[in-house]
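Note sheet for the following structure.
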Amino acid sequence: MPLLLALDVVLSPILAEQATFAPNQTPRLSTTVQAGSDAFFGTMCWQVTHLGRVVDGPHEASLDLEPQTSVEMQFLPEQLPAGDRGFLCEVVLRDHEGVELVRANGAFEVAADWTRFPRYGYLTQFNKPANADALLRPLRDGLINVVQVYDWMDEHHRPWRVGYDYWQDIAARDPWVSRSKLLELIDVGQDFGMASMAYNLMYGAYENYQSTSPIEPSWGLYRSGGVQDAHPLNIPGWETQSLALFDPGHDGWQDWIADRTAEAFQAMPFDGWHIDTLGDRGSVFDDAGQSIDLASSYTDFLAAMRSALPGQDFSVNAVGDFGGPDLRAQDAWDVAYYELWDHPDQDDYADLRSFLATHHRDSDVAPVVAGYVNYDLAQQYNGQAPGQFNHTSVLLAQSAVLASGGWLVSRGDGSAMLCNEYFPNRNLQASPDLLGDVDRFHHFAVAYENLLRDGLQEGSGSIAFGDASVPTSTNGDTGAVWTFRTTREGDECANRYDVVHLVDLRRASDPRWRDPAGVAQSQPVLVDQTIQIEFTAPWSESRLWFAAPEWQGGRAVMLDATVSGNQVSATVPFLEHWGMVWIEYRTEPGTCGCPSDLNEDGFVGFSDVLEVVASWGPCLGCLADVNNDGAVEFADLLQVLADYGDCF
């Protein structure tokens, strides 16, 4: 994330010390102000917002810096609304005359459990020389709150040989995996508010399992000819050339893999098991030739693992949604993880939205998507001579997944990004600008997670966007701005939220959201475009908001809305890859913004002072009772006068 420059003063990004804060913690964020060749005298003003409404602040601090000196400023939000929520810390730097020089924003989250809004990253480096801070800090700065610890195991069927401190992974990489490094990574992750999920296959063993373990072939999955099913690898130099597969519902296999996993977790305190699968295997049988319903066996396996491994979290990769319907029906997983490929019902933009809408309809568990952007492009390069990700492809994929209520696994190992199902693959590299943009999207997703991922449902109603020169589509067509709606129930400030998403697919040349060949192209940014949205009457005290990850640091602004019948119109100030407009349905006035802004016009002014004077005296529940002590008095007037001006 680049620094922000204003005249001769530099303001670093606003970063949280942890990817997730527990409800009993005080969130801690910081930035650094660096003076240039001249001294700097001014002020820093900061506030915390939730869905655009001020919930803490504004606060102000004076700055007095000598030339070429810097100071770290810390922000400690207090008295935030309860519940699992995302927030935006908004910071403004002003000179000694009060002139605004620069703004910077950073998101943070307070949540009781990371599984509420999982934000996956990954790790593939566990050797002794690996730098835990360098691998994890960039992910924390991008607000990733859980890492998939990928291919850390000794063998799939025996993840850890009891007592061993070093071992080779399946690819026989050097240096070897270090148990002490895994312990360090887990510890550093915990300090950063990040969970560590141990990757392993649900039902696989090395091809030589019979000579290295007491595993019985009778526990296996079989093809119609009586041959045990196997997943081919055929990669020279790897420790096994195939993985023998087993029945997830067989008691013998469940007991074996649960015991071996418990041994590993006792030696390395992972937060849970990221359970991989291999998708649809076709017709499979037990050793007696009886048909096995592999998809429905996933929930049986999970129930057994929960019993054997209490206190652990479980995510399951339902590849191509195989096994997904049963898992959703029972909400058997803590995190729903979907590796999506080129299935005709999952590969284009509209398919992606429909797929995630189905998930939200059927499950309350948060979904994560693994889709390898620029997959075909990556095949043209190698790790020694890598290519570059298509910047636009990546941001459109992020836009489509986040707007549809999911999370796209992309970042890992410090500055790496995924382009292949083998996570250590480095055929493509991300530029520093792209990494910064992905982080911006991550911060935006956290700041507005309660609109994007909290009780999400499909929305309805007409949308008209742009002037005659802007093509639009409701079906995710390339060459047009894609418009669609979601909705969620209300909270203490609103009766309901309707969200309109605008994804600029004028930039897309391939209708497939992973853009395998990397052919997406940049387009001019759209500015000051009209939007007309059908709403559910009455409008009453409702509000219309706008925010975008690439505009003003993701901060929300209230739009000047014009209401006619059941249509509300406004001007959208900016659209690059993705932006959203939302209706905050309200039937009564309230003080959900800056408490001193009694009429909620975004400005504390003379009318608010008059309201305090008019309400003077005992007044339970009055808007003018800013401090909620049951009376409008001198303390309330002082607070309104102190907040006079923009509600910031």
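The values are calculated or read from the model by the stated rules, or taken from the named source; none is laboratory data. If you're wondering where the values come from, they're calculated on a predicted model, not measured in any experiment. Here Cβ is always computed from backbone atoms with ideal geometry, including for glycine, and neighbour counts include all displayed protein chains. The accessibility values were calculated without ligands, DNA or RNA, using every heavy atom of the protein model including side chains. Shrake-Rupley method; radii C 1.70, N 1.55, O 1.52, S 1.80 Å.
Suppose we keep only residues that are in a loop (DSSP other than H, G, I, E, B) and either closer than 24 Å to P573 by Cβ or among the small types (G, A, S) (or both) within the range 442-458. Which one would you say is most open to solvent (accessible area, probe 1.4 Å)?
Restricting to residues being in a loop (DSSP other than H, G, I, E, B) and either closer than 24 Å to P573 by Cβ or among the small types (G, A, S) (or both), the top hit is G455.
Results for (1) farther than 30 Å from A385 by Cβ; (2) in a helix (DSSP H, G or I); (3) free of Cβ contacts under 8 Å to residues at least 40 places away in the same chain; (4) open to solvent by 50 Å² or more (accessible area, probe 1.4 Å), shown as yes or no for each residue.
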| site | (1), (2), (3), (4) |
| --- | --- |
| R440 | no, yes, no, yes |
| S460 | yes, no, yes, yes |
| A468 | yes, no, yes, yes |
| N475 | yes, no, no, yes |
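Scanning the range 266-311 for residues that are over 25 Å from W341 (Cα atoms) and part of a loop (DSSP other than H, G, I, E, B) gives M268, P269, F270, D271, D286, D287, A288, G289, Q290, L309, P310, G311.
Looking only at the range 240-265, filter to residues that are part of a strand (DSSP E or B) and touching a helix residue (DSSP H, G or I) at 6+ places or on another chain (Cβ under 9 Å); which one of those is farthest from G324 (Cα to Cα)? The selected residue is A244.
Would you call E541 among the acidic types (D, E), open to solvent by 10 Å² or more (accessible area, probe 1.4 Å), out of contact with any Cys (no Cβ under 8 Å at 6 or more places or on another chain) and not in a strand (DSSP E or B)? It is true that E541 is among the acidic types (D, E), open to solvent by 10 Å² or more (accessible area, probe 1.4 Å), out of contact with any Cys (no Cβ under 8 Å at 6 or more places or on another chain) and not in a strand (DSSP E or B).
Pairing residues of the range 96-121 that are at positive phi with residues that are part of a strand (DSSP E or B), at Cβ distances under 8 Å and at least 6 apart in sequence or on separate chains, gives G98/T43. Does R137 satisfy the condition of being assigned to a helix (DSSP H, G or I), open to solvent by 10 Å² or more (accessible area, probe 1.4 Å) and either of a type outside the set (V, I, T) or touching an Asp or Glu at 6+ places or on another chain (Cβ under 7 Å) (or both)? Yes: the conditions hold for R137. Inspect all residues belonging to the range 520-530 and state whether any of them is touching a Phe, Trp or Tyr at 6+ places or on another chain (Cβ under 6 Å), buried (at least 22 other Cβ atoms within 10 Å of the Cβ), modelled with pLDDT of 95 or more and not acidic (D, E). Scanning the range 520-530 turns up no residue that is touching a Phe, Trp or Tyr at 6+ places or on another chain (Cβ under 6 Å), buried (at least 22 other Cβ atoms within 10 Å of the Cβ), modelled with pLDDT of 95 or more and not acidic (D, E).
For every residue, the table says whether it meets (1) hydrophobic (A, V, I, L, M, F, W, C); (2) part of a helix (DSSP H, G or I); (3) open to solvent by 10 Å² or more (accessible area, probe 1.4 Å).
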position	(1), (2), (3)
Q125	no, no, yes
P159	no, no, no
G163	no, no, yes
D169	no, no, no
E184	no, yes, yes
D187	no, yes, yes
Q190	no, yes, yes
S196	no, no, no
Q210	no, yes, yes
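The residues of the range 117-150 that are closer than 15 Å to D169 by Cα and of a type in the set (D, E, K, R) amount to a single one, K128.
Selection within the range 608-645: residues that are of a type in the set (G, A, S) and at pLDDT 85 or above. The member of this set that is nearest to V54 (Cα to Cα) is A624.
Looking across the range 330-365, the residues that are in contact with a helix residue (DSSP H, G or I) (Cβ under 7 Å, 6 or more places away or on another chain) and among the small types (G, A, S) come down to A332, A336, S363. At least 3 residues being in contact with a strand residue (DSSP E or B) (Cβ under 7 Å, 6 or more places away or on another chain), open to solvent by 10 Å² or more (accessible area, probe 1.4 Å) and more than 23 Å from L434 (Cα to Cα) is the threshold, and among the strands (runs of 3 or more DSSP E) wholly inside the range 1-115 those reaching it are 40-50, 53-65, 70-75, 85-95, 100-110.
Do the conditions hold for A378, that is, is it out of contact with any Cys (no Cβ under 8 Å at 6 or more places or on another chain), of a type in the set (G, A, S) and at negative phi? So A378 fails the test. Each residue in the range 554-581 was checked for being more than 23 Å from F441 (Cβ to Cβ), open to solvent by less than 30 Å² (accessible area, probe 1.4 Å) and part of a loop (DSSP other than H, G, I, E, B), and 0 of them qualify. None of R328, R353 is among the basic types (K, R) and open to solvent by less than 20 Å² (accessible area, probe 1.4 Å) except R328.
In the set A258, A336, A304, only one residue is under 30 Å from E184 (Cα atoms), open to solvent by less than 40 Å² (accessible area, probe 1.4 Å) and without any contact (Cβ under 8 Å) to a residue 40 or more places away in the chain; that residue is A336. Do we find a residue being in contact with a Gly (Cβ under 6 Å, 6 or more places away or on another chain) and in a loop (DSSP other than H, G, I, E, B) anywhere in the range 370-380? Within the range 370-380, one or more residues are in contact with a Gly (Cβ under 6 Å, 6 or more places away or on another chain) and in a loop (DSSP other than H, G, I, E, B). Is it the case, given these coordinates, that A350 is assigned to a loop (DSSP other than H, G, I, E, B) and over 25 Å from W114 (Cβ atoms)? Considered against the rule, which asks whether it is assigned to a loop (DSSP other than H, G, I, E, B) and over 25 Å from W114 (Cβ atoms), A350 comes out as no.
Check N425, N420 and return the single one that is closer than 29 Å to Q380 by Cα, surrounded by fewer than 19 Cβ atoms within 10 Å (Cβ to Cβ) and touching a Cys at 6+ places or on another chain (Cβ under 7 Å).
N425
Suppose we filter P516, P511 for residues that are in contact with a Phe, Trp or Tyr (Cβ under 7 Å, 6 or more places away or on another chain), open to solvent by 50 Å² or more (accessible area, probe 1.4 Å) and at pLDDT 95 or above; which single one remains?
Numbers: P516 fails: open to solvent by 50 Å² or more (accessible area, probe 1.4 Å).
When all the criteria are applied, what remains is P511.
Residue-wise test of (1) of a type in the set (G, A, S); (2) within 22 Å of R440 (Cβ to Cβ).
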position: P13; (1), (2): no, yes
position: Q25; (1), (2): no, no
position: T32; (1), (2): no, yes
position: G36; (1), (2): yes, no
position: Q47; (1), (2): no, yes
position: P77; (1), (2): no, yes
position: C89; (1), (2): no, yes
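Please go through the range 491-503 and give me each residue that is open to solvent by 30 Å² or more (accessible area, probe 1.4 Å) and in contact with a strand residue (DSSP E or B) (Cβ under 9 Å, 6 or more places away or on another chain), ordered by number. Listed by number, the residues that qualify are D491, N495, R496. The residues of the range 477-490 that are open to solvent by 70 Å² or more (accessible area, probe 1.4 Å) and not in a strand (DSSP E or B) amount to a single one, D477.
Per the listing G414, G405, the residue uniquely in contact with a Leu (Cβ under 9 Å, 6 or more places away or on another chain), crowded, with 22+ Cβ neighbours inside 10 Å and closer than 30 Å to A104 by Cβ is G405.
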